[in-house]
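The values are calculated or read from the model by the stated rules, or taken from the named source; none is laboratory data. A quick note: this is a predicted structure, and the numbers were derived from the prediction, not measured. Virtual Cβ from ideal backbone geometry, glycine too; neighbours counted across all protein chains shown.
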Amino acid sequence: MKLGINGLGRIGKLSLWHHVSRKHFSGIVANIGRDVGQSLGDLAAMLEKDSTYGRLGAYLYGHRCPRVITELNDEAGTMLVDGMPLTILRRDRNPKDIPWQENGVKLVVDSTGMFTDPTTDAGDSRGGLRGHMQAGAEKVLLSAPFKIKSKGLDMPEDAITTVMGINEEMYDAGRHSLISAASCTTTCLSYMIKPLMEKIGADKILSASMVTVHAATGSQQVLDRLPKAGANDLRKSRSILNNIILTTTGAAKALSLVIPEMSSIGFMAESVRIPTSSGSLIILVMNLQDDLENPIKRRDINAIYQQFAAENSYLLFSEEQNVSSDILGMPVAAAVIEGTETHTRTATIQVNLAKARADILAPGADPLLTVPVTQAVVYGWYDNELGSYTNMLGDLTVHVSEGML
């Protein structure tokens, strides 16, 4: 089976690295819809080198490895990448026009970030995910969360959001054609939430919030520039090299698609962008209804993660003092729990029942109810490009492909 990749941005390029290393597919067909540089050699040079992760050869075999991209044919748009055939399509941008069928591609990963609405018609002139299927693909994976633009429309029955190791069993090969791999932040967050929900219980989580301290992305500017007409967030036009930038994240919404129990919990998610190329951090804060006689302690939280990590290779537990560069390129680590920084504190709060449920109070009863609450703070690292997200996406891609054979 050949794999199709639409877009060779950060996730598209690193997905190519992942699958060249893995050799699960017989070849890769990558669509960029335009010419690059002066020849195919210029594109090959960009694929072979990376400012964050070094050279492709070193990634595959170590620093003594020679060049691994050979046999370039500019006219045909073909080359061999570590012996794997790669075809570059440089003509069409709209998914419905990409010649997947002519190139024998039935499975496509769309990493452009442009086509995220699963309700868009296949023949839309501006393009849509379903266009890939009109062009011959049977399954389409999206390297981003779904975003339905028209209010009132429900998620189509053939679309699903899944994270490997969390809810991949919900994927039905006979039903689902559009599969979202959520986002790097949602992937990490799901592995921080899931173990606690399983051991502590969703009914004990009173509220939760998170902040992701996130590396820069391609949507940000290197230097300050004027915003586009109609832009409502001027901060996106400021230099990521010089600033900490407040922004938004859809992790909370996407998380409820992966872990449905979260929809019943008050949850907020915020994001801060910082001047690093990759390597991000989630700070998760949870308020838990507790027991004063035997409150949840830091060691209990860490023990939950240690046990989950022992049973699930996608979660790592660390007692080292890490910094963001330490987790770059970690193999298939959805989240790295920084156990040294887990904190808990138990206190009591008073709830005025008269304001909540006055009908249950007996006449003359004290309306104040004392409730013990433990606040837990957990830190989780994730390589938002190769180590965490792209490797997880690669596993999901293989999982979907195996159901197509």
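A few remarks follow.
- Residue within region 100-122 that is at positive phi and either free of Cβ contacts under 8 Å to residues at least 24 places away in the same chain or buried (at least 23 other Cβ atoms within 10 Å of the Cβ) (or both) present: no
- Members of region 123-153 that are within 21 Å of ASP172 (Cα to Cα), out of contact with any Gly (no Cβ under 8 Å at 6 or more places or on another chain) and crowded, with 17+ Cβ neighbours inside 10 Å: LEU129, ARG130, MET133, GLY136, LYS139, VAL140, LEU141, LEU142, PHE146
- In region 284-294 there is at least one residue matching the filter, namely being free of Cβ contacts under 8 Å to residues at least 60 places away in the same chain and either among the aromatic types (Phe, Trp, Tyr) or assigned by TED's automatic domain parsing to the domain that holds LYS194 (or both).
- Filtering region 253-284 to residues that are closer than 27 Å to ASP326 by Cα, of a type in the set (A, V, I, L, M) and surrounded by fewer than 19 Cβ atoms within 10 Å (Cβ to Cβ) leaves VAL272, ILE274, ILE283.
- Taking region 172-210 as the range and being surrounded by fewer than 18 Cβ atoms within 10 Å (Cβ to Cβ) and either farther than 30 Å from THR374 by Cα or within 15 Å of the chain's Cα centre (by Cα) (or both) as the test, the residues that pass are ASP172, ALA173, GLY174, ARG175.
- GLN306 meets all of the listed conditions (1) polar (S, T, N, Q); (2) at pLDDT below 95; (3) touching a strand residue (DSSP E or B) at 6+ places or on another chain (Cβ under 7 Å) but one, namely (2).
- Condition check for HIS19: outside any strand (DSSP E or B), surrounded by fewer than 16 Cβ atoms within 10 Å (Cβ to Cβ) and not hydrophobic (A, V, I, L, M, F, W, C): no
- Residues in region 22-48 that are free of Cβ contacts under 8 Å to residues at least 60 places away in the same chain and assigned to a helix (DSSP H, G or I): 9 in all.
- Strands (runs of 3 or more DSSP E) (entirely within region 174-271) containing at least 1 residues that are over 30 Å from THR346 (Cα atoms) and either outside the structural domain of GLN375 (by TED's automatic domain parsing) or out of contact with any Lys or Arg (no Cβ under 9 Å at 6 or more places or on another chain) (or both): 178-180
- Yes/no for ILE160 being under 24 Å from ALA269 (Cα atoms), β-branched (Val, Ile, Thr) and not in a loop (DSSP other than H, G, I, E, B): yes
- Qualifying position, being in a strand (DSSP E or B) and polar (S, T, N, Q), among THR112, THR87: THR87
- Hits in region 50-92 (condition: charged (D, E, K, R) and within 24 Å of VAL108 (Cα to Cα)): ASP50, ASP74, GLU75, ASP82, ARG90, ARG91, ASP92
- Criterion: under 21 Å from the mean Cα position of the chain (by Cα) and assigned by TED's automatic domain parsing to the domain that holds ARG10 - qualifying residue of GLY136, GLY113, GLY131: GLY113
- Filter result (touching a residue at least 24 places away in the same chain (Cβ under 8 Å) and of a type in the set (Lys, Arg)) within region 295-316: LYS297, ARG298
- Going through (1) over 21 Å from the mean Cα position of the chain (by Cα); (2) farther than 30 Å from GLU168 by Cβ one by one, VAL323 falls short only on (1).
- Residue that is surrounded by the fewest Cβ atoms within 10 Å (Cβ to Cβ) [pool: residues in region 226-243 that are modelled with pLDDT under 95 and among the basic types (Lys, Arg)]: LYS228
- Qualifying positions in region 59-84 - of a type in the set (Asp, Glu) and assigned to a loop (DSSP other than H, G, I, E, B): ASP74, GLU75, ASP82
- Unique match (being touching a residue at least 40 places away in the same chain (Cβ under 8 Å) and more than 30 Å from ASN312 (Cβ to Cβ)) among MET210, MET133: MET133
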